Number of protein chains: 2
Amino acid sequence: MSTIADVASRAGVSKATASRALSGRGYVSEATRQRVESAARDLSYVAHSSATSLATGRTQTVGIVMPPVDRWFFAELLAGVQESLFALDYDLSLYGVPEGSKTRERLFESVLPGRRFDGIIAVGIQPSAHELERLQRTGRPLVSVGPYSDGSSAVSIDDTAAARIATEHLIELGHTDIAFVGGSTDTAELSFGDAQRLEGYRGALQAAGLAAHARVAGAAPTMPGGYTAAAGLLGDRRRRPTAIVGVCDEAAIGAIIAARRLGIAVPTELSVVGIDDHEHADMFALTTIGQSPRDQGHEAVRLLTRRMEHPDAPLELVDAASALVVRSSTAPPR
Amino acid sequence: MSTIADVASRAGVSKATASRALSGRGYVSEATRQRVESAARDLSYVAHSSATSLATGRTQTVGIVMPPVDRWFFAELLAGVQESLFALDYDLSLYGVPEGSKTRERLFESVLPGRRFDGIIAVGIQPSAHELERLQRTGRPLVSVGPYSDGSSAVSIDDTAAARIATEHLIELGHTDIAFVGGSTDTAELSFGDAQRLEGYRGALQAAGLAAHARVAGAAPTMPGGYTAAAGLLGDRRRRPTAIVGVCDEAAIGAIIAARRLGIAVPTELSVVGIDDHEHADMFALTTIGQSPRDQGHEAVRLLTRRMEHPDAPLELVDAASALVVRSSTAPPR
């Protein structure tokens, strides 16, 4: 069987050049590519990506660890990562595994340490499970996406600030009875980012002297979660809040749907604000804090390629832009 | 540098056994694993997955080609594929690329032919682009998921039948003025599966002598798409249909939200039926045709592993179960 060395020698180029020409990865001139391909044909050389990888010491693959892609944020982020990696000729190995599962435990304990990647992107990491620490032990370039990033380069919005700004928007409109939908009184059940959003809500109320008015309706960060929690909150006329902060747009949209079903007009009788600027936010005229997970995916790949090139460079933390988007789900209280 | 052969020789086992022990893939006894690991330590052998791959001739990786995972169906399907592959110790290389894009063209022309996988799963393939034909040329075991599967093993629901059953349900309730939301009059814009659903709707009307009543409101197969199309259909009281078939649940839910905003009661003034049994269908009490994309993901991996073991076995076509789920968005017309 011919090797890449035989092909390189026949074509009169280095092994690395022959490898680049045959893999289609990295630049070679058209003339060189044709000479290498012709040599490969003459020798019946079969391109073999494992052999290419041994020759170059690189796998041209990036591993990504994230929750299952069943929420808008993760789907958009993954699309952004994929776009950037594809443009750079990297493959993507996906490990989409639920937080806190046995599968996730196995992934961190015995799967990832045995795999070779040029780098790893970790999304929605849970600090309680020491996940970043275990990824760092693999010694590979690492970038995390999300609010927890101890010891890694990272890209994230400031979740605490996002929820604070959303809550302050309602306070400025004159609301004092503002509930939070989609948190939980049991912090063990909250993701790290959602816990920070709850903290931002509480902080804004406290700063405005409204700490005693804080009310949290525990719910999953989904449309049905927000719907059920809001229906419970809004059912009793006498205890009904005048405004709701959703932990994310999905929960806020669920709250709007619940209000409509109960005959409560948004925004005249109830203001609702979300966080994310989800693809459905516009359809519900939802005021929200906008962020772009797709751009965060591009940014994560940019940080990762820099770490792959300069492993010893200082860590970089990128604060992804977020900003209030005012539509018509918020108004002064009646 | 020590090789896997050195490690195997020192541990007194075959190269394949040493490779299995160090990669954690495939069975070896605990005693053997310890002997191999100890030999690897003594020789400072660095596990190298490319070397493992050269030794075994397998990459333990399955490639998956699909549209971006921004719709429920694809996210659930991907989760199912991932669950099954993870249990079998396969990695997943994801190529999530929009249909009809230049990126997709490049993927099929120059990326996939150069990659080594043990098998490929192709989802939402567009026959017009000859995508399956080009994947078959790579010579790798192949399974497709979705209605188009020429020359490959495949798993799919019968989209034509699903839309026919949904439409017949409305006809049996007594409806004659039934519109389809989420199709397009321009078939070039429709995915192959959505075109089959449109055909199923037309077929049911024709069989009931209602062909002249067919009305298609072109729209993207999304909640905002269904909302906009339905708002247009329902705006004119005198031409308002009494029932709507959504091309998928997202479009049907959009139609329900549009009806509520217009003050049209579902189901007393308007019946709505969807296809999929999306995670939000229950929240909207949507009558629909249920299918499980997650189970289809498991099934795709089962078919693929069988083709990897028996490449010359006859092709298998698995008709994934779907069935009418009656909730309260449908009723006889007033």
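Please rank A:Val318, B:Val245, fewest neighbouring Cβ atoms within 10 Å first, as an exposure proxy. Walk me through the numbers before you get to the answer.
On the way: A:Val318 18, B:Val245 34.
Going from sparsest to densest Cβ surroundings: A:Val318, B:Val245.
How far is helix B:249-261 tilted, in degrees, relative to the longest principal axis of the Cα atoms in chain B, given as a value from 0 to 90 rounded to the nearest 10?
The answer is roughly 40 degrees.
Subtracting the Cα-Cα distance from 0.36 nm times the residue separation, let me have the gained length for A:Ser29 to A:Gln136 in nm, one decimal. Before the final figure, lay out each step's value.
On the way: separation 107, 0.36 × 107 = 38.52 nm, distance 3.82 nm.
Here the answer is 34.7 nm.
Taking only Cα atoms and a 10 Å spring cutoff, compute GNM fluctuations for chain A and point out the largest among A:Glu83, A:Glu30, A:Glu109.
Checking each option, the largest mean-square fluctuation is seen for A:Glu30.
Could you give the distance between the Cα centres of segment B:92-147 and segment B:232-272, to the whole Å?
Each part's Cα centre sits 38 Å from the other's.
Tell me the angle of helix B:159-172 to the major Cα principal axis of chain B, expressed in degrees between 0 and 90 and rounded to the nearest ten.
Compared with the principal axis, the helix lies near 30 degrees.
When a/c is below 1.5 the answer is rounded, else prolate if a/b is larger than b/c, else oblate, so apply that to segment A:109-262 with a ≥ b ≥ c taken from the square roots of the Cα gyration tensor eigenvalues.
Numbers: a/c = 3.04, a/b = 2.17, b/c = 1.40.
Prolate, because a/c is 1.5 or more and a/b exceeds b/c.
Check the straight Cα-Cα distances from B:Lys15 and name the aspartates and glutamates below 15 Å, setting aside those fewer than 8 residues away within the same chain.
B:Asp6, B:Glu37
Counting only other chains, and only Cβ atoms inside 10 Å, what mean value do you get across the residues of A:88-97?
Values: counts 0, 3, 0, 8, 5, 5, 11, 4, 10, 4.
Counting other chains' Cβ atoms within 10 Å and averaging over A:88-97 gives 5.
Can you give the FRET efficiency to the nearest 0.05 for A:Thr3 and A:Arg238, using r as the Cβ-Cβ distance and R₀ = 56 Å?
Values: r = 81 Å, r/R0 = 1.45.
With R0 = 56 Å, the Cβ-Cβ based efficiency is 0.10.
Over its Cα atoms, what ratio of radius of gyration to 2.2 N^0.38 Å does chain B give?
On the way: Rg = 25.1 Å, N = 334, 2.2 N^0.38 = 20.0 Å.
For chain B, the normalised Cα radius of gyration is 1.25.
If the only charges are +1 at each Lys and Arg Cβ and -1 at each Asp and Glu Cβ, what is the size of the charge dipole of the protein assembly as shown around the Cα centre, to the nearest 20 debye?
Values: 66 positive and 78 negative charges, 114 e Å.
About 540 debye.
Take A:Asp312, A:Asp277 and order them by how many other Cβ atoms sit within 10 Å, fewest up front. It would help to have the intermediate numbers written out before the result.
Values: A:Asp312 5, A:Asp277 22.
Taking fewest neighbouring Cβ atoms as first place, the list is A:Asp312, A:Asp277.
Could you tell me the calculated FRET efficiency between A:Asp177 and A:Ser101, based on Cβ-Cβ distance and R0 = 41 angstrom, to the nearest 0.05? Intermediate results must be reported in sequence, preceding the final value.
On the way: r = 38 Å, r/R0 = 0.94.
With R0 = 41 Å, the Cβ-Cβ based efficiency is 0.60.
Classify the protein assembly as shown: rounded, prolate or oblate, from the alpha-carbon gyration tensor (a ≥ b ≥ c, eigenvalue square roots; a/c under 1.5 rounded; otherwise prolate if a/b is larger than b/c)? Kindly include the intermediate steps, with their values, before the conclusion.
On the way: a/c = 2.25, a/b = 1.41, b/c = 1.59.
Here the protein assembly as shown falls in the oblate category.
Over chain B, what is the relative contact order in percent, taking alpha-carbon pairs closer than 8 angstrom and at least six residues apart? Numbers along the way, then the final one.
Details: 657 pairs, mean separation 55.0, N = 334.
That works out to 16 percent.
Among B:Val69, B:Val111, B:Val145, which one shows the highest mean-square fluctuation when chain B is modelled as a Gaussian network with alpha-carbon springs under 10 Å?
Maximum fluctuation in the GNM of chain B, among the listed residues, is at B:Val111.
Tilt of helix B:72-87 relative to the longest C-alpha principal axis of chain B, in degrees (0 to 90, nearest 10)?
20
For chain A, set up a Gaussian network in which alpha carbons nearer than 10 Å are linked by springs, and say which option among A:Thr176, A:Thr103, A:Thr228 fluctuates the most.
Judging by the Gaussian network model, the answer is A:Thr103.
Under the definition of Cα pairs under 8 Å and six or more residues apart, what whole-number percent is the relative contact order of segment B:249-334?
Values: 114 pairs, mean separation 32.8, N = 86.
RCO, segment B:249-334: 38 percent.
Compute the relative contact order of segment A:59-213 as a whole-number percentage, counting only Cα pairs closer than 8 Å that sit 6 or more residues apart in sequence.
Numbers: 206 pairs, mean separation 29.9, N = 155.
Over segment A:59-213, the number comes to 19 percent.
Determine the principal axes of the Cα atoms in segment B:272-334, then give the extent along each, sorted from largest to smallest and rounded to whole angstroms.
Computed over segment B:272-334, the largest-to-smallest principal extents equal 58, 20, 10 Å.
Starting from a label point 7 Å past Cα on the Cβ side, list the distances from B:Leu43 to the same position in the other copies, nm, shortest first.
In ascending order, 2.6 nm.
Got the A:Thr103 label distances to the other copies yet, label 7 Å along Cα→Cβ, in nm, shortest first?
Copy-to-copy label distances for A:Thr103: 2.4 nm.
Full-extension gain between A:Asp319 and A:Arg260, please, as 0.36 nm times their residue separation minus the C-alpha to C-alpha distance. Spell out each step's value before the answer.
Working: separation 59, 0.36 × 59 = 21.24 nm, distance 3.60 nm.
Contour length minus Cα-Cα distance gives 17.6 nm.
Coordinate-derived values only; no laboratory data. Bear in mind that the values here come from a model prediction, so they are computed numbers and not experimental data. Neighbour counts run over all protein chains shown; Cβ positions are idealised from the backbone, glycine included.
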